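Notes follow the structure.
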Amino acid sequence: MSERGCVITGWGTALPPTVVTNADLETLLDTSDEWIVERSGVRTRRAATGPFVRPAPALHPPSGVGTTATLAIEAGRQALDVARTAADEISVVVLCTTTPDQLMPATSSAVAGALGIGGGAVDVNAACAGFTYGLITAAGMLSTGARKVLLIGAETMTRTLNWNDRTNAFLFGDGAGAVVLEAVNGVGSLLAWDAGVDGSLVDLLYVDHGDGMVMRGREVFRRAVRATVDSINSALAQAKVGAEEISLFVPHQANQRIMEAIAERVGIPNERIATVVESTGNTSSASIPLALADSIARGRLGAGDLVVFAGFGAGMTWASAVWRWGGPV
Ligand SMILES: CC(C)(COP(=O)(O)OP(=O)(O)OC[C@H]1O[C@@H](n2cnc3c(N)ncnc32)[C@H](O)[C@@H]1OP(=O)(O)O)[C@@H](O)C(=O)NCCC(=O)NCCS
């Protein structure tokens with residue numbers, strides 16, 4: 001696959017102010033900090049909604065405090081600033097979310113409106129694989145004429161939780177991450193990608209309208225590892241890149257054990273995994289841009305580095321992307 005020439009020039013993040021600790025969860029659930037840390041690596045998560053948020057946020061109108069849109073707007077604004085990009089330079093806003101504020105219109109419309117963007121706006125929902133699908137979508141747009149794309153992952157996962165369900169309530173959190181992508185002729189590209197779905201597995205992880213999340217955790221773990229490893233290997237083979245050449249692995253931050261199991265099977269050492277799950281929990285579509293921004297802040301990326309992004313989640317969906325980093329880092 002030929003290099004498509006797109007570069008990430010800006011990034012931003014947003015987290016709601018309320019920190020929920022495992023000790024907080026112990027007051028609601030028959031669980032322990034020790035169990036949660038050992039099984040998932042999560043110590044704290046941020047919550048925009050739920051029993052630990054004071055005062056309780058107004059969910060309606062959806063422009064109120066603690067919505068997917070408000071988090072997306074904050075992260076998006078930072079990314080535009082870092083990229084020194086004006087709203088009218090953005091061809092499209094792509095908002096990856098599995099927790100839109102309304103069924104209609106797409107939450108990206110409110111985000112574009114708040115940021116003064118009129119180029120175009122669309123939501124992408126592929127559950128926790130959303131941001132990786134978004135990267136592939138944005139790169140495709142840039143290769144066919146778009147000038148700049150604002151790509152955001154934003155979620156209020158706490159709205160989907162039953163806080164009394166110990167099988168999954170400890171795992172998730174809220175947040176947003178955003179990047180600006182630009183078409184370029186120089187270094188920086190999506191080298192190859194892979195995406196897949198197994199629609200026979202929709203019952204493993206789902207949220208029905210008005211209901212709390214249902215997750216068959218053990219099965220999700222098994223299937224996610226297998227599918228994501230195959231997907232990454234396929235993308236690496238297309239890009240003619242060996243696992244040992246990967247400078248940074250930015251997986252969906254589902255939980256520490258899954259990320260390490262995938263990395264080990266692909267042949268990527270643990271120290272090359274970008275991880276923020278300990279302080280954010282699983283923020284679905286927001287997790288990869290949050291982990292990416294953290295790695296940039298720590299100086300872990302340089303021009304020409306090879307990066308693998310990989311997402312997986314409800315559906316089951318998965319996607320991976322091999323990227324040559326070209327940003328001004
Ligand atoms: C959710 C997950 C951490 C649970 O770990 P597990 O080792 O599979 O745990 P199990 O569900 O088999 O339960 C093991 C024991 O812990 C207990 N348990 C379950 N939840 C618990 C909790 N929150 N606190 C304490 N104990 C708990 C179970 O009742 C069970 O007890 P038993 O052995 O006496 O029957 C793990 O399955 C996982 O990480 N799955 C993937 C989830 C995921 O990443 N989802 C998002 C994908 S995008």
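The values are calculated or read from the model by the stated rules, or taken from the named source; none is laboratory data. Being a predicted model, the structure only gives us computed values, none of them experimental. Cβ sites come from the backbone with ideal geometry, for glycine too, and all protein chains shown count toward neighbours. For accessibility, only protein heavy atoms count, side chains too; no ligands or nucleic acids. Shrake-Rupley method; radii C 1.70, N 1.55, O 1.52, S 1.80 Å.
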Mean separation of Cα contacts under 8 Å (6+ apart) over length of region 245-329, as relative contact order %: 34 percent
Fully extended contour minus Cα-Cα distance, from Arg39 to Asp208, at 0.36 nm per residue: 58.2 nm
FRET E, pair Met104, Thr21, Förster distance 35 Å, beta-carbon r, rounded to 0.05: 0.45
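When DSSP assigns beta bridges and you keep just the ones with both residues in the chain, what percent turn out antiparallel, to the nearest 5? Before the final figure, lay out the partial values.
Working: 39 of 55 bridges.
If I count the DSSP bridges inside the chain, around 70 percent turn out antiparallel.
At 1.4 Å probe size, put Phe309, Phe52 in order of accessible surface, largest to smallest. Intermediate values should be presented prior to the final figure.
Working: Phe309 0, Phe52 55 Å².
Reading off the accessible areas and sorting them downward yields Phe52, Phe309.
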Fluctuation leader among Ala72, Ala47, Ala23 - the chain, Gaussian network, Cα springs under 10 angstrom: Ala23
For the chain, built as a Gaussian network whose Cα springs stay under 10 Å, the top-fluctuating residue of Met213, Met104, Met316: Met104
For the chain, calculated [θ]222 nm from helices alone, where every DSSP H run of n ≥ 4 adds -39500 (n - 2.57): -9000 deg cm²/dmol
Cα-centred dipole magnitude for region 6-183, charges only on beta-carbon of K, R (+1) and D, E (-1), debye, nearest 20: 280 debye
Solvent-accessible surface ranking, highest first, for Glu38, Glu89, Glu260 at 1.4 angstrom: Glu38, Glu260, Glu89
Directionally averaged projected area (convex hull, Cα atoms, the chain), nm²: 14.9 nm²
Where region 92-178 is the region considered: accessible area per residue in Å², 1.4 Å probe: 31 Å²
Solvent-accessible area, 1.4 Å probe, carbon plus sulfur percent, for region 6-183: 54 percent
Most mobile listed residue (Ile232, Ile288, Ile296) in the chain, GNM with C-alpha springs under 10 Å: Ile296
